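Report on the following structure.
The values are calculated or read from the model by the stated rules, or taken from the named source; none is laboratory data. Just so we're clear, the structure is a prediction, and the values are computed from it rather than from any experiment. Don't worry about glycine lacking a Cβ; one is built from the backbone with ideal geometry, like all the others, and counts go over all protein chains shown. The area values use the complete protein model at the heavy-atom level, side chains included, leaving out ligands, DNA and RNA. Shrake-Rupley method; radii C 1.70, N 1.55, O 1.52, S 1.80 Å.
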Amino acid sequence: MTHANTQDTIAHYFNHCGADAAIGREQPEYLALSLRKRLELLERNPALAADWAAQYEQWCTHADSDYRCLTSTRAVIAPWFRLGVKDTVDVAGLPTRLGLRSYRHYPKRTAQALVSLDPRIALTSKVATTELNIGFGAGCRNPHFPTIDPSGSSTGSAVSVAARLCDISLGTDVLGSVRWPASHCGMIGLRMTQKAESLGGVFPLSPRMDALGWVTRSADDLDLLFPLLGLEPLLGEQLPVKPRYRIGVLEHALDPALTSTAMLEMLAKACSALADLGMPPCEVSMPELWARRGDAWQLCARDAWLASAAWARQFDCELHWSTNSALAVGAGVSDSDYQRIHQHMDQVRAGIGPWFDNAKVDFVIFPMDPNRPFDRRNPQPGDSTIPSPADEGYAQKIGFTPLASFSGLPAITVPICVSADGKAPLAVQIMGRRDSERQLVDIAKRLQALVGALPTRRPVV
């Protein structure tokens, strides 16, 4: 009688459990094309879609095994463009897991933002998220900057696009949940204007700051696909695209005691590029909004804590320790502080339009964060994704993303350069007025056309 060696047995299992290792490990060449070029080829020869779909299926099995960003998929015959959807957004026929290990529901209806897609865009997958939008880690790997934590609750949205498993991905952005992972993967990330009517079928975290967000590889890709998303009923009357925009650079973010040298140098490059485009930025101050950055985090924490009793009844599962740490921050926000924050938000939102008028600017630009993205081998200190006022380095932890969140404004993040060691992408945020999404896509496209795309590698997994 022979006995199997344990190590040999497990090795044999892993050698035979996955896709054929000899096929599809290199990314198909067509995925490296811009979406505009791909559209041009497909319009000339629609039969290419079927050939490309076969190549994609071989690649997908290897790529998702490596980058771990898809939570569920569905077969679509020869799609022209693939859309991924964050797993806190409902899609009829696919489970919604909310980032939880032991929960799922099967929605009867698809989220309002996804009901009018152009037929050329196929919704093919749900993508990974962190637990209830507030826990640590979605388990994804960064395709182009492997030492950088993709971060943010919409991690799967960014990673799926960076890995070219999706051409565009829908996420949600409360305090940077789309902008962070997009910027950390070297992608474009657009947070839309905060509107309650656009959020049907979207898991709520902080209802007055929750917003839809989109990730693409480039601003040109977003410009091409944005009209095909069927968002007109949700967009409202958009501000018109202009030959020139008036741009303010946020003076509060220029403080070297707050913002690192690397991020200030990146911002200077972005401002220089805008000047070359005939749109030199001027310094502007937003003292009332700037003072509310911490309030935005406190509001989100309190909202999550208030919802946690309902969560406990619905989910009946143990939450990750980091999720509980975030809820503990919310438990420390008093009822009076919660009411005060809502009053401040009302004041800020009532005054934000007049502020843009008085400042005579269309956009405000500032770094994505005070510091470069954190290395996943040296994670950001702290035990919660939501900073507490008692935390050391609180002013840096609350960062710059709450500016758009607290004011309800749209914002786009654009990669400008890589860090001196070549390991981290560095990005700016551009914040616009309400209903300026088309303007933001336009300015991002012009800026990126001048500074160029960040160097990326053709993945082989």
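For the range 121-150, a residue qualifies if it is part of a loop (DSSP other than H, G, I, E, B), touching a residue at least 40 places away in the same chain (Cβ under 8 Å) and more than 18 Å from residue 304 (Cβ to Cβ), and the qualifying residues are 128, 139, 140, 141, 142, 143, 144, 145, 147, 149.
Residue-wise test of (1) free of Cβ contacts under 8 Å to residues at least 60 places away in the same chain; (2) among the basic types (Lys, Arg).
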| position | (1), (2) |
| --- | --- |
| 214 | yes, no |
| 223 | no, no |
| 233 | no, no |
| 236 | no, no |
| 242 | no, yes |
| 254 | yes, no |
| 260 | no, no |
| 265 | yes, no |
| 268 | yes, no |
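Residue-level analysis places residue 174 outside the set of residues that are open to solvent by less than 10 Å² (accessible area, probe 1.4 Å) and part of a helix (DSSP H, G or I). Answer yes if at least one residue in the range 198-219 is acidic (Asp, Glu) and touching a helix residue (DSSP H, G or I) at 6+ places or on another chain (Cβ under 7 Å), and no otherwise. No, because not a single residue in the range 198-219 is acidic (Asp, Glu) and touching a helix residue (DSSP H, G or I) at 6+ places or on another chain (Cβ under 7 Å). With the condition kept exactly as written, say whether any residue in the range 361-375 is without any contact (Cβ under 8 Å) to a residue 24 or more places away in the chain and out of contact with any helix residue (DSSP H, G or I) (no Cβ under 6 Å at 6 or more places or on another chain). So far as the range 361-375 goes, no, none of its residues is without any contact (Cβ under 8 Å) to a residue 24 or more places away in the chain and out of contact with any helix residue (DSSP H, G or I) (no Cβ under 6 Å at 6 or more places or on another chain).
Filtering 444, 453 for residues that are open to solvent by 10 Å² or more (accessible area, probe 1.4 Å) and either without any contact (Cβ under 8 Å) to a residue 24 or more places away in the chain or within 23 Å of residue 227 (Cβ to Cβ) (or both) leaves a single hit, 453. Listed residues 267, 299, 277; which is at pLDDT 95 or above and surrounded by fewer than 20 Cβ atoms within 10 Å (Cβ to Cβ)? Result: 277 is the single residue among 267, 299, 277 that is at pLDDT 95 or above and surrounded by fewer than 20 Cβ atoms within 10 Å (Cβ to Cβ). Residues that are open to solvent by 10 Å² or more (accessible area, probe 1.4 Å), farther than 15 Å from residue 148 by Cβ and at pLDDT below 95: does the range 421-433 have at least one? There is no residue in the range 421-433 that is open to solvent by 10 Å² or more (accessible area, probe 1.4 Å), farther than 15 Å from residue 148 by Cβ and at pLDDT below 95.
Please work out if residue 412 is modelled with pLDDT of 95 or more and buried (at least 22 other Cβ atoms within 10 Å of the Cβ). For residue 412, the condition - modelled with pLDDT of 95 or more and buried (at least 22 other Cβ atoms within 10 Å of the Cβ) - is met.
Scanning the range 311-330 for residues that are more than 21 Å from the chain's Cα centre (by Cα) and over 17 Å from residue 102 (Cβ atoms) turns up 325, 327, 328, 329, 330. For the range 96-110, the set of residues classified as free of Cβ contacts under 8 Å to residues at least 60 places away in the same chain and either farther than 30 Å from residue 384 by Cβ or open to solvent by less than 10 Å² (accessible area, probe 1.4 Å) (or both) consists of 106, 108, listed by residue number. Looking across the range 215-257 at every residue that is open to solvent by less than 30 Å² (accessible area, probe 1.4 Å), in a helix (DSSP H, G or I) and not aliphatic (A, V, I, L, M), the one that is farthest from residue 369 (Cα to Cα) is identified as 226. The number of residues in the range 324-378 being of a type in the set (Val, Ile, Thr) and open to solvent by 50 Å² or more (accessible area, probe 1.4 Å) comes to 0.
Here residue 126 passes the criteria (1) more than 27 Å from residue 315 (Cα to Cα); (2) among the charged types (D, E, K, R); (3) in contact with a Pro (Cβ under 8 Å, 6 or more places away or on another chain); (4) crowded, with 24+ Cβ neighbours inside 10 Å except the one numbered (1). When you scan the range 146-163, how many residues do you find that are open to solvent by 10 Å² or more (accessible area, probe 1.4 Å) and modelled with pLDDT of 95 or more? The total comes to 0.
This table checks each residue for (1) open to solvent by less than 10 Å² (accessible area, probe 1.4 Å); (2) charged (D, E, K, R); (3) closer than 25 Å to residue 189 by Cβ.
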{"position": "57", "(1), (2), (3)": "no, yes, no"}
{"position": "62", "(1), (2), (3)": "no, no, no"}
{"position": "68", "(1), (2), (3)": "no, yes, yes"}
{"position": "77", "(1), (2), (3)": "no, no, no"}
{"position": "81", "(1), (2), (3)": "yes, no, yes"}
{"position": "91", "(1), (2), (3)": "yes, no, yes"}
{"position": "112", "(1), (2), (3)": "no, no, yes"}
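Please name all residue pairs, on different chains or six or more residues apart, with Cβ atoms under 8 Å, provided the first residue is in the range 282-309 and is within 15 Å of residue 253 (Cβ to Cβ) and the second residue is part of a helix (DSSP H, G or I) and among the hydroxyl-bearing types (Ser, Thr, Tyr). Every condition considered, the pairs that remain are 289/407.
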